[in-house]
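Trainee: Let me begin by handing over the structure; questions about it come next.
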Amino acid sequence: MDDKLYLQRSRDVRHLLNGEWISDIVMLLGHGPMRYSEVMAKLRAASEVDPWTGAERSIQGRQLTRTLRRLEEIRLVNRNEEPGHFPRRVTYSLTEAARELLLSVEPFVAWAERHSDLIDLARRMQTDQRGGAPQSLPDGPDDDYLDE
């Protein structure tokens, strides 16, 4: 694959997975099919303050519904409704493509664990030490940000 196509595919994946709750939901469904209420409960139990932005992360029902629909539309999640049940019994599961994607992400997560010191440094640089306000990272290698 040439460089131009490689970079485009990298951007494609980033845009495909762009969304606050997408990776969380894909990771959760990687453990197996779940009902809407199970996904919601697990996301809420794992809610915390985002160390990158300082914002509290808490999903609302409408956000979960929209995100599951989007994942279904882009064929990363299957919505399975069991007929004959009232109320409806719906489970969500990963498609084969999403399971393959999850396997592809595991090396990135392992890398982040091995290099958590770099992650911590990047977080500290992004956050203003005085007030916790987000701050952008330096633009390029000519910046002397480490000498400050």
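Trainee: Search the stretch 6-35 for residues that are small (Gly, Ala, Ser) and pair each with any residue that is not in a helix (DSSP H, G or I) when their beta-carbon atoms are under 8 Å apart and the residues are at least 6 apart or on different chains.
Mentor: Taking only residues 6 or more apart or on different chains, the pairs are 23/17; 30/94; 32/93.
Trainee: Please list, ordered by first then second residue, the pairs with beta carbon atoms under 8 Å, 6 or more apart or interchain, first in the stretch 86-108 and more than 18 Å from residue 14 (Cα to Cα), second in a loop (DSSP other than H, G, I, E, B) and not small (Gly, Ala, Ser).
Mentor: Note: pairs meeting the criteria are 91/33; 92/33; 93/33; 94/76; 95/75; 95/76.
Trainee: Got at least one residue in the stretch 28-40 being among the small types (Gly, Ala, Ser) and surrounded by 12 or more Cβ atoms within 10 Å (Cβ to Cβ)?
Mentor: Yes, that holds for at least one residue.
Trainee: Does the stretch 6-23 include one or more residues that are over 26 Å from residue 118 (Cα atoms), charged (D, E, K, R) and more than 13 Å from the chain's Cα centre (by Cα)?
Mentor: The answer is no; no qualifying residue exists.
Trainee: Of all residues in the stretch 50-64, which are modelled with pLDDT under 90, over 15 Å from the mean Cα position of the chain (by Cα) and not small (Gly, Ala, Ser)?
Mentor: Step one: filter the stretch 50-64 for residues modelled with pLDDT under 90, giving 50-59.
Those still in the list that are over 15 Å from the mean Cα position of the chain (by Cα) too: 54-56.
Within the stretch 50-64, 56 is the sole residue that qualifies.
The values are calculated or read from the model by the stated rules, or taken from the named source; none is laboratory data. Model, not experiment: these values are computed from the prediction. Here Cβ is always computed from backbone atoms with ideal geometry, including for glycine, and neighbour counts include all displayed protein chains.
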